[in-house]
Amino acid sequence: MRLPGRIAATIEILADIEARKRPVAEALKAWGLNNRFAGAGDRAAIGNLVYDALRRKASHAAAMGSDAPRALVLSVVVREWALTPEALNDAFAADSHAPEILSVEEIERLVGEVSAAPDHVRADVPEWTAAALAESFGETWVAEAQAMAGRPPLDLRTNALRSSRDKVLKSLARFNPEAGPVTPDGVRLAAGTGDSRTPNVQTDEGYLKGWFEVQDQGSQAVATLAGARPGEQVLDLCAGAGGKSLAMAAAMGNKGQIFAYDSDRSRLAPIYDRLKRSGVRNVQVRPPESGALDDLIGKMDRVVIDAPCTGTGTWRRQPTAKWKLTPDQVATRVGEQRAILDQAVAFVKPGGALVYITCSVLPDENAHQAKAFLERHPDFAAVPGNTLWMKHFAGGAARARFSPEGGILLSPLSTGTDGFYLFMAQRAAG
């Protein structure tokens, strides 16, 4: 397929997403099944166009005076992919699979000056989230949100149990990898531009041998900040697919014990293969069954809560979630987080630590949640975030944000990562 056909396909897919309210991945898969003639390069380019249009939907719509799929895609191709309206019209005229040629009004919109837009439009976020983002990021909140609307890189975590970062960098040299910006085990493949394809590293020999895992630098950073040490007893209370359990196991050198638990059996399912491939021996998986954690009450050196959240920190990867998010959904997540925090307290032994993590940048899920926890549980005291950061990442180029309640906030603009929040509280010794 040539570009005109790819543009036409993108317009069709965006219309399908809007009409059926289906996830992007599902819509892209359905289109691919119905258009098997499309090659891998075509599917990658179309996927890039779809995601680019959704990430900056508000600002593209404002520039074009319309949020119709055609308007969004044309704006992306000109403003982000650097094609000219003239080149597009020439290509459209020569391709039977192309959309209609550009109208005079569309050309004027594409080449004209973009009029001043409200902050939330420039930030490409729902208007109701502006106040919360301003509370989290202060005066730079628009720039922070704009960074959350860019393409994400592909981050990998070197598995220290089986390899080294230098070895991984060498094995992936054909993809031009570089050291990650925060963690010492991080490897980064830069985000592409235009129709470039993201490497499928999960077919690489190093991945199959367990040398590395796919994991955002932010996720790696909070796993490191959780501070699990060799010999400790650690409960990963919301383990999911096990990414942070694997990272902590490597930090512990397979010494001590991690208990990986999740209330959703299907989320936990991938952990078994990942443990085997990574050579992890100190993780015990606890399926969600009645009494599954009763023997751990009051015995854990560290309880890590990777809490269910809105995922606002991952808007680069899940842009449709940004536009679907509602205040009611935030309130639901806040209630779930509060319940999990209170549940976790029972497992922390005297002198032990509780680590609360979200992939959110909203204060209701982060700083407000941490403050409320400390008020409910006066036997816990916050570990200052700046102290914790310097302990693990002293001298690093990335600079996180530290908040008064002891929290650490990561973001694409400040740390070059997805958005993450971490708060650690230590229980009184006795």
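Screening Ala149 with (1) buried (at least 19 other Cβ atoms within 10 Å of the Cβ); (2) in the same structural domain as Ala53 (by TED's automatic domain parsing); (3) among the aliphatic types (A, V, I, L, M) gives one miss only, at (2).
Criterion first (under 23 Å from the mean Cα position of the chain (by Cα), closer than 30 Å to Gly206 by Cβ, crowded, with 20+ Cβ neighbours inside 10 Å and not assigned by TED's automatic domain parsing to the domain that holds His60) does Leu172 satisfy it?
Judged against the criteria, Leu172 is a match.
Exactly one residue out of Ala123, Ala87 is under 30 Å from Ala147 (Cα atoms) and not assigned by TED's automatic domain parsing to the domain that holds Ser75: that is Ala123. If you go through segment 149-167 and keep only what is over 25 Å from Thr320 (Cβ atoms) and out of contact with any Asp or Glu (no Cβ under 9 Å at 6 or more places or on another chain), you end up with Leu161, Arg162, Ser163, Asp166, Lys167.
Can you confirm whether segment 233-244 contains a residue that is more than 25 Å from Thr203 (Cα to Cα) and within 18 Å of the chain's Cα centre (by Cα)? Yes, segment 233-244 has at least one match. Ala8 falls short on exactly one of the conditions (1) under 17 Å from Val78 (Cα atoms); (2) in contact with a helix residue (DSSP H, G or I) (Cβ under 8 Å, 6 or more places away or on another chain), and that condition is (2). Can you name the residue in segment 1-40 that is among the charged types (D, E, K, R) and over 23 Å from Lys322 (Cα atoms) and, of all such residues, is modelled with the highest pLDDT? Only one residue tops the list, namely Arg6.
State the number of residues belonging to segment 399-430 that are in contact (Cβ under 8 Å) with a residue 60 or more places away in the chain, more than 17 Å from Gly313 (Cα to Cα) and out of contact with any strand residue (DSSP E or B) (no Cβ under 7 Å at 6 or more places or on another chain). Result for segment 399-430: 0. Which ones in segment 87-129 are charged (D, E, K, R), exposed (fewer than 11 other Cβ atoms within 10 Å of the Cβ) and within 15 Å of Arg70 (Cα to Cα)? Across segment 87-129, the qualifying residue is only Glu100. Hey, among the residues in segment 365-379 that are surrounded by 20 or more Cβ atoms within 10 Å (Cβ to Cβ) and of a type outside the set (Gly, Ala, Ser), which one's farthest from Ala179 (Cα to Cα)? Residue satisfying both the conditions and the ranking: Phe373.
The values are calculated or read from the model by the stated rules, or taken from the named source; none is laboratory data. Owing to the predicted nature of the structure, the values given are computational and were not obtained by experimental measurement. Backbone-built Cβ (ideal geometry, glycine too); neighbour counts: all protein chains shown.
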